[in-house]
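> Handing you this structure, nothing more for now.
Only the coordinates and a few stated rules stand behind these numbers; no lab work does. What you see is a predicted model; the values in this text were computed from it and never measured. Cβ: placed from backbone, ideal geometry, glycine included. Neighbour counts: every protein chain shown.
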Ligand SMILES: [Zn+2]
Ligand SMILES: [Zn+2]
């Protein structure tokens, strides 16, 4: 029993429920299909095990699968690390610099945010990833990013095997006539495979090739995004806070200089914060090393200022292009297509002239509330979700703030 519990922590066993969700089901199916097909194609048709190259190829395929699954399950089950429920800063005075989470009944430690899906405050939260059905944050950032690197590498290897299998199996069999394509299944082979490369085998290989190529492109893009986050030590949420900070300072002309506190200066230093030999990132997820000109609460104080400043809480945008609400719109450019946010949150259709109050965003997408007509407001409607950044244009701060300024004048 002791032996078993060293491998499985039983308190984490309830985490197995994370597997019951479309994200992990699809992700694990893709991994299973690509690795099984690559191994079958290799040993039966393309590179039999009785050759040295074939054996090395086989070991490499097994290696990819093990490494990918290891990092995937760790990203899912280790999780991002949650702030303890009811958490208070050690020094009670510091509470004034922190936001309070009513759900977790505790203060939000620096860099943590409340995730509605996980229903907890998450350490150094980057985003909630449906593919691992968990948040990507402090403790699993390295596992998550390693997975994003290994999956495209493994899939590229598999894709080469699929292409070579189909090429070598069909090359000597296909002959092109004037208006016909003949496939001669009895053509002489260099080596006799265990079984003939049948039509179902061909179809399965072609299907697996599609999955492998799609995964390589989509997951490869995500890897570069996460590497940027790690090398700058700035999560996607923090990038947005920084953007709003600059907006706020520029508007009020406060003369403050906003320095992002967690960037340690060099990419290598930032990298070593997340990737360590032990697999556990540096730090306890609550206190962070900061820029010499900053302190522990530089960012949380900025967040409080932004919260107090209702006008900056959202930035006003105006739609300059129509958008139909598609998850991956084809007509809005390749980057918008591929970098669609990995969340289950809705997309909102826009028509030219609509006004949107954006609360966060990425380089290619934004999230916010559509400003509705009074009738719709009275009916309690609310249209909130993602839309492509290129469909909107930032309104000048003065026009965005005009409503609240006029209110002030009345006061
Ligand atoms: Zn919370
Ligand atoms: Zn989450």
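> What does the highest-first list of 315-322, 144-151, 229-236 look like by mean Cβ count within 10 Å?
Descending packing order for the listed peptides: 144-151, 229-236, 315-322.
> Next question, about the same structure. With labels modelled as points extended 7 Å from the Cα through the Cβ direction, what inter-label distance (nm, one decimal) is found for residue 56 paired with residue 167?
Inter-label distance under the simple model: 1.8 nm.
> If you line up the long axis of helix 236-252 against the longest principal axis of the chain, both from Cα atoms, how many degrees apart are they, to the nearest 10?
Helix 236-252 sits at roughly 30 degrees to that axis.
> Would you mind computing, in nm to one decimal, how far apart the modelled labels at residue 88 and residue 384 are, each placed 7 Å from Cα along Cα→Cβ?
Each label point lies 7 Å from its Cα, and together they span 3.1 nm.
> Would you mind checking the tilt of helix 52-78 against the longest principal axis of the Cα atoms of the chain, expressed as 0 to 90 degrees and rounded to 10?
Helix 52-78 sits roughly 30 degrees off the main axis of the chain.
> How far apart, in nm, are two points set 7 Å out from the Cα along the Cα-to-Cβ line at residue 228 and at residue 119?
The two pseudo-label positions are separated by 3.4 nm.
> If r is the Cβ-Cβ distance from residue 375 to residue 307 and R0 is 25 Å, what FRET efficiency results, to the nearest 0.05?
My answer for the efficiency is 0.25.
> Between residue 195 and residue 257, how high is the FRET efficiency from 1/(1 + (r/R0)^6) when r is the Cβ-Cβ distance and R₀ = 51 Å? Nearest 0.05.
0.15
> Among DSSP beta bridges whose residues both lie in the chain, state the antiparallel percentage, nearest 5.
Around 95 percent of the beta bridges assigned by DSSP in the chain are antiparallel ones.
> Give the angle, between 0 and 90 degrees and rounded to the nearest 10, that separates the Cα long axis of helix 22-40 from the longest principal axis of the Cα atoms of the chain.
On a 0 to 90 degree scale, this one is about 30.
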